[in-house]
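Since the structure comes first, as structure tokens, the remarks are kept for the end.
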Amino acid sequence: MIHLLVVDDEKEVGTFLSRLFTMKGYLVQVVNSGKEFHEIDWNQQRFDVAMIDLKLPDCDGLSLLQHLKQLQPRCKVLIMTGYSTVKTAVDAMKLGASDYMEKPFVDIEVLERQIDNLLNENEALNQHFIHKLAEDSGLIVGESPLMKNLIETAFKVAQKSVNVLIEGETGSGKEVLSRFIHIASPRNHEPFIGINCGAISESLLESELFGHEKGAFTGATQLRKGFFEIAGNGTLFLDEIADASPAIQVKLLRVLETREFMRVGSSVTLRTNARLVAASNENLQQAVDKNKFREDLFYRLNVVTLDIPPLRSRKEDIPLLVRHLVERNGHGDISFSNEAIEKLQQYNWPGNIRELSNVVMRTLTLADNKSVITANDISLSNSQITPDKNVLPEIQSTENLLEEWRKKLVADFNEKDELMLEEILTEIKQLQSTIGKELVMQALQKTYGNRNEAAKRLQISIRKLRYILNEKSQT
Ligand SMILES: Nc1ncnc2c1ncn2[C@@H]1O[C@H](COP(=O)(O)OP(=O)(O)OP(=O)(O)O)[C@@H](O)[C@H]1O
């Protein structure tokens with residue numbers, strides 16, 4: 001027989017749920033406080049599902065959830081919450097709750113279905129499904145418990161209509177995760193639209209987000225729908241949200257509060273139902289503390305925060321990631337030797353998976369059709385100069401580089417009878433890339449690691465700057 005536990009201080013709720021599920025043939029036990037919860041004889045009682053209210057007079061539901069999960073890990077937990085505590089309910093899912101339900105219950109059938117789903121859930125099958133779905137969306141979950149937990153929480157959250165904030169170092173996979181959330185959500189047949197708030201000017205960003213009317217400003221030759229409008233019921237991904245200007249932050253806050261916005265140059269109010277997923281390299285709470293980011297917007301965005309761990313704290317995932325990256329580049333027949341993988345695992349990866357992807361790509365390009373890549377084939381020297389705001393590596397002067405190259409070229413001219421033009425052209429390309437990097441590094445050193453400022457000084461876009469640093473493809 002199915003055994004259900006209800007923990008709620010509102011007696012009527014307990015009575016109602018008890019009647020509802022007893023009629024379905026379940027054995028229901030109701031407790032009205034933390035004290036009564038702790039009086040349960042856990043050795044005698046085994047529960048299949050527990051419904052726990054977050055707010056109890058003598059303790060909080062989260063601690064009961066943790067206690068129950070320790071005592072009976074197989075018991076599924078459904079959190080009951082009021083609107084104001086949705087954020088805590090989502091935190092509860094990170095702690096092992098399977099789902100949450102907002103009170104008052106509007107649709108009893110939905111509640112019954114939720115309980116049925118929990119009872120029929122096969123965890124191993126579920127996990128397999130989630131990992132496969134992630135893989136299909138280009139996200140390798142890997143072996144680390146950190147990532148497994150993160151993806152399972154992201155999957156649960158994807159089913160709800162709450163805003164999500166993804167935090168993580170550069171290149172750690174924030175955009176891939178946001179795509180996974182979209183694909184795993186009931187909105188997956190609607191558009192997914194992504195925009196980088198740090199890469200374009202304030203006025204362009206405003207018109208990209210909200211659209212503009214014909215003639216709204218010089219150059220606005222046609223009406224243009226903004227991303228909020230185009231996203232419809234889908235997902236809008238706002239990358240590098242910390243870089244949004246104060247004016248844009250105010251506008252975003254308004255949309256989040258009212259779900260309403262206007263195209264630039266229009267007085268007609270439009271509505272949006274898009275789910276917002278925002279991402280930031282910077283800790284947004286710290287940006288709030290420094291008065292760089294609006295606190296009210298921060299609270300609207302971070303109903304759920306998902307922290308992607310840096311690659312250096314999940315090095316056990318490197319073998320699977322390398323396999324994925326090798327296949328993604330169309331080299332499924334090439335493998336990396338154990339020593340090669342070990343070498344990759346010894347490195348610290350300040351640029352995370354993007355940097356790993358670049359190293360794998362470079363290694364494959366230079367590997368001359370080898371079927372097994374060895375440790376010697378991997379050069380990490382270039383990637384070690386990936387800039388980090390705090391650790392800027394020593395910069396070799398551009399003049400020295402050019403001089404070294406000139407000397408080598410002259411020596412080759414004098415030594416060899418035949419000119420290997422193809423080789424020289426490849427070297428020129430490499431030199432171009434190295435010098436590009438040098439100049440960016442110098443600019444970064446002068447701007448204390450501020451990428452936007454460095455890009456401004458070099459009169460290139462932030463995207464181009466990242467391309468030069470091998471952090472992004474140019475498209
Ligand atoms: N878990 C993963 N599995 C497979 N590929 C991944 C994973 N995470 C990241 N990548 C790859 O690493 C690269 C960088 O990922 P992504 O652009 O999502 O990072 P990001 O955190 O959004 O970067 P940024 O902070 O610069 O915006 C991409 O090529 C992406 O496909």
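A few points about this structure:
- The range 293-366: relative contact order in percent, alpha carbon pairs under 8 Å with at least 6 residues between: 39
- Gln29 sits among other residues whose Cβ lies under 13 Å from its own Cβ, and their net charge, with Lys and Arg +1 and Asp and Glu -1, is -4.
- Residues Phe336, Phe180 ordered from highest to lowest accessible area at a 1.4 Å probe: Phe336, Phe180.
- Reachable aspartates and glutamates from Lys24, criterion Cα separation under 16 angstrom, eight or more residues apart if same chain: Asp48, Glu109, Glu112, Asp116
- Both the radius of gyration and Dmax for the range 310-384 are 11.1, 32 Å, in that order, over alpha-carbon atoms.
- DSSP bridge pairs, the chain: antiparallel proportion in percent, nearest 5: 15
- With the convex hull constructed from alpha-carbon coordinates only, the range 129-307 shows a mean projected area of 10.3 nm² over all directions.
- A Förster distance of 56 Å, applied to the separation of the beta-carbon atoms of Leu366 and His67, puts the FRET efficiency at 0.50.
- Of Thr221, Thr85, the residue with the largest accessible area leads and the full order is Thr221, Thr85 (1.4 Å probe).
- More than 41 angstrom apart: percent of Cα pairs within the chain: 33
- Sites Ser266 and Asn291 - FRET efficiency at Förster radius 30 Å, r taken between beta-carbons, to 0.05: 0.40
- For the range 338-357 and the range 34-99, distance of Cα centres in Å: 40
- Rg and Dmax of the range 235-372, based on Cα coordinates, read 21.2, 64 Å.
- Solvent exposure, largest accessible area first (probe 1.4 Å, DNA, RNA and ligands not counted), of Arg113, Arg362: Arg113, Arg362
- Contact order normalised by residue count of the chain, Cα under 8 Å, 6+ apart, percent: 11
- Placing a label point 7 Å from the Cα of His38 along the Cα-to-Cβ line, the residues of the range 1-23 whose backbone N sits under 18 Å from it are 7-9.
- The alpha-carbon of Lys407 sits under 27 angstrom from the alpha-carbons of these lysines, leaving out residues fewer than 8 places away in its chain: Lys416, Lys429, Lys437.
- Across the range 27-110, C-alpha contacts under 8 Å between residues 6 or more apart give a mean separation that, scaled by the residue count, equals a relative contact order of 26 percent.
- Normalised by residue count, the range 253-310 yields a Cα convex hull volume of 110 Å³ per residue.
- Diffusion coefficient, µm² s⁻¹, Stokes-Einstein with Kirkwood Rh over alpha-carbon pairs of the range 3-121 at 37 °C and 0.692 mPa s: 233
The values are calculated or read from the model by the stated rules, or taken from the named source; none is laboratory data. Keep in mind that this is a model prediction, so the values were computed, not measured. In this analysis, Cβ positions are derived from the backbone assuming ideal geometry, glycine residues included, and neighbour counts consider all displayed protein chains. Side chains are part of the model used for accessible areas, which takes the heavy atoms of the whole protein and leaves out ligands, DNA and RNA. Shrake-Rupley method; radii C 1.70, N 1.55, O 1.52, S 1.80 Å.
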